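Report on the structure given below.
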Amino acid sequence: MLTDKDCRNATCPPELKRRRLTDGAGLYLEVAPGGSRRWFWKFYPDGKESRLALGSYPNVSLKSARSARDEARRSRAAGGDPVKLRKAERIAKVTSRETTFEAVAREFHASKLASWSENHAAQWLRCTEKDLFPWLGALPLAEITAPVLLGALRRVQRRGAIRTGHDLREFAGQVFRYGIATGRCDRNVAADLRGALEAFVEKHAAAVLEPAEAGELMRNILAYNGQPTTRAALVLSALTFQRPGNIRTMEWNEINLDAALWTIPAEKMKRSVHGKMNGRPHLVPLAQQAVEILRELQPLTGRGALVFPGLHSRERPMSENTVNLALRRMGYTDQEMCAHGFRAMARTILVERTNVPPDAIEAQLAHGKSGPLGTAYDRAEFMEQRRSMMQTWADYLDQLRRQADGMDRAAA
């Protein structure tokens with residue numbers, strides 16, 4: 001019989017491949033020349049020697065090894081095969097892990113990486129890791145009930161993230177539908193929560209929508225005394241009404257000043273991965289006023305790649321908050337005007353105050369076509385109408401600004 005001291009001091013001569021120290025009833029400690037020590041129980045199913053690994057010493061003590069041996073002997077006496085039972089337990093543990101909410105969610109997420117945009121994929125995983133995995137991650141997908149999921153989502157909404165709660169219900173629903181398709185669960189409990197969450201009232205981007213207010217805004221932008229690049233970004237936001245991300249990442253090689261055209265590559269557009277890879281670039285006709293702004297800006301930033309480089313690094317674009325902060329300095333609150341609001345301002349005023357065809361406005365905004373065919377067949381870009389529209393819009397903004405100046409002088 002072994003003692004704990006025997007186990008502690010056990011060594012194997014270098015000329016041997018291994019050394020066995022016998023304890024009793026088939027239990028022995030196997031010592032390797034490198035110093036590792038492992039417990040085994042030896043038994044004889046069908047008259048042939050077999051052995052069951054019981055762990056490594058000292059992680060598994062002598063007492064624990066004897067208990068494991070005795071349990072294996074009882075299993076053997078009942079007609080079981082301890083080795084096969086151990087393999088079955090290992091497979092069951094792996095299978096159990098693969099059917100948890102977290103395991104299925106990560107598998108689903110990995111299956112979508114090729115078709116999702118990088119931003120959406122990152123947001124999806126970030127939200128589920130933060131707000132679903134801590135509460136649902138270790139639970140088998142098939143055992144999660146609607147009340148359990150609802151509890152996790154309400155925790156999110158209680159901190160004020162109302163929309164995130166609804167987004168997470170959609171994300172969870174995707175996981176359950178994938179689980180059904182892959183045989184990990186039988187139903188989508190997220191669908192049972194329709195109407196159970198606090199309603200989210202979507203707020204439109206704050207925007208100036210009245211012509212007189214638009215004139216005041218343009219007057220204030222031209223009087224802005226901050227960075228010249230920031231002022232130019234504000235003016236171009238109004239004149240081109242493109243997405244703020246496209247404005248701040250504009251590159252000089254995308255601009256043809258002689259042709260008065262800005263070509264935004266497909267991969268920069270708000271599109272699906274397929275659209276980014278296979279879609280056409282978005283063409284933005286530039287009014288004369290926009291071309292003049294860019295020519296004035298060229299001596300300042302034209303030596304680099306970016307039209308609007310950041311203050312601390314010319315290799316990176318200006319911060320996404322730069323235009324919003326400039327609007328705050330000009331006295332506009334986040335309830336009155338924001339960077340994205342220039343799009344709503346142009347869309348609203350052009351429709352209500354001009355005869356510009358709505359299809360041309362939508363094409364300029366790069367909004368996807370509606371209907372079952374979408375952009376599959378309708379690829380009209382309305383370039384001639386848009387060129388005329390952009391000059392009409394720029395001239396109209398100048399007119400509104402002059403009117404705002406005149407009213408100020410009259411008031412004075």
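The values are calculated or read from the model by the stated rules, or taken from the named source; none is laboratory data. Please read these numbers as outputs of a predicted model, since none were measured by experiment. Ideal geometry is used to build each Cβ from the backbone, glycine not excepted, and the neighbour counts take in all protein chains shown.
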Item to check | Checking GLN335 against (1) free of Cβ contacts under 8 Å to residues at least 24 places away in the same chain; (2) farther than 29 Å from THR392 by Cβ; (3) polar (S, T, N, Q), the condition it does not meet | outcome: (1)
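Could you pull out the residue among ALA212, ALA205 that is touching a Gly at 6+ places or on another chain (Cβ under 6 Å) and in contact (Cβ under 8 Å) with a residue 60 or more places away in the chain?
ALA205
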Checklist entry - Restricting attention to the range 315-347, and to residues there that are hydroxyl-bearing (Ser, Thr, Tyr) and surrounded by fewer than 17 Cβ atoms within 10 Å (Cβ to Cβ), which single residue is nearest to GLU251 (Cα to Cα)? => result SER319
Next on the checklist: Report every pair of residues separated by at least 6 positions or lying on different chains whose Cβ atoms are under 7 Å apart, first residue within the range 59-81 and surrounded by 13 or more Cβ atoms within 10 Å (Cβ to Cβ), second aromatic (Phe, Trp, Tyr).
Outcome noted: VAL60/TRP39; ALA65/TRP39; ARG69/TRP41; ALA72/TRP41; ARG76/PHE43
Checklist entry - Among the residues of the range 230-246, which ones are farther than 16 Å from LEU217 by Cβ and touching a residue at least 40 places away in the same chain (Cβ under 8 Å)? => result GLN242, ARG243, GLY245
Next on the checklist: Between LEU113, LEU132, LEU139, which is at negative phi, in contact with a strand residue (DSSP E or B) (Cβ under 9 Å, 6 or more places away or on another chain), outside the structural domain of ALA53 (by TED's automatic domain parsing) and modelled with pLDDT of 85 or more?
Outcome noted: LEU139
Next on the checklist: If I filter the range 285-292 for residues that are more than 24 Å from the chain's Cα centre (by Cα) and at pLDDT below 95, do I get at least one hit?
Outcome noted: yes
Checklist entry - On the given criteria, is THR100 at pLDDT 85 or above, in contact with a Leu (Cβ under 8 Å, 6 or more places away or on another chain) and of a type in the set (S, T, N, Q)? => result yes
Item to check | Number of positions in the range 166-195 that are polar (S, T, N, Q) and part of a loop (DSSP other than H, G, I, E, B) | outcome: 2
Checklist entry - Among (1) modelled with pLDDT of 85 or more; (2) surrounded by fewer than 17 Cβ atoms within 10 Å (Cβ to Cβ); (3) among the charged types (D, E, K, R); (4) out of contact with any strand residue (DSSP E or B) (no Cβ under 9 Å at 6 or more places or on another chain), which single condition is LYS42 missing? => result (4)
Checklist entry - What single numbered condition from (1) modelled with pLDDT under 95; (2) of a type in the set (Gly, Ala, Ser); (3) in contact with a helix residue (DSSP H, G or I) (Cβ under 8 Å, 6 or more places away or on another chain) fails to hold for GLY195? => result (3)
Next on the checklist: Given the condition in a loop (DSSP other than H, G, I, E, B) and either assigned by TED's automatic domain parsing to the domain that holds ALA344 or hydroxyl-bearing (Ser, Thr, Tyr) (or both), answer yes or no: does some residue in the range 157-165 qualify?
Outcome noted: no
Checklist entry - Would you call ASP186 acidic (Asp, Glu) and more than 22 Å from TRP116 (Cα to Cα)? => result yes
Checklist entry - So which of ALA287, ALA206 is under 24 Å from THR348 (Cβ atoms), of a type in the set (Gly, Ala, Ser) and not assigned by TED's automatic domain parsing to the domain that holds GLN335? => result ALA206
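Would you say ALA121 is under 15 Å from GLN174 (Cβ atoms) and either in a helix (DSSP H, G or I) or hydrophobic (A, V, I, L, M, F, W, C) (or both)?
yes
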Checklist outcome for this item: Counted residues in the range 1-60 being polar (S, T, N, Q), touching a Lys or Arg at 6+ places or on another chain (Cβ under 9 Å) and over 21 Å from PRO82 (Cβ atoms) come to 1
Checklist entry - Counting just the residues of the range 247-264 that are hydrophobic (A, V, I, L, M, F, W, C) and within 28 Å of the chain's Cα centre (by Cα), which one comes out farthest from LEU222 (Cα to Cα)? => result ILE264
Checklist entry - Mind checking which residues of the range 314-357 are of a type in the set (Ser, Thr, Tyr) and under 16 Å from THR230 (Cβ atoms)? => result SER319, THR322, TYR332
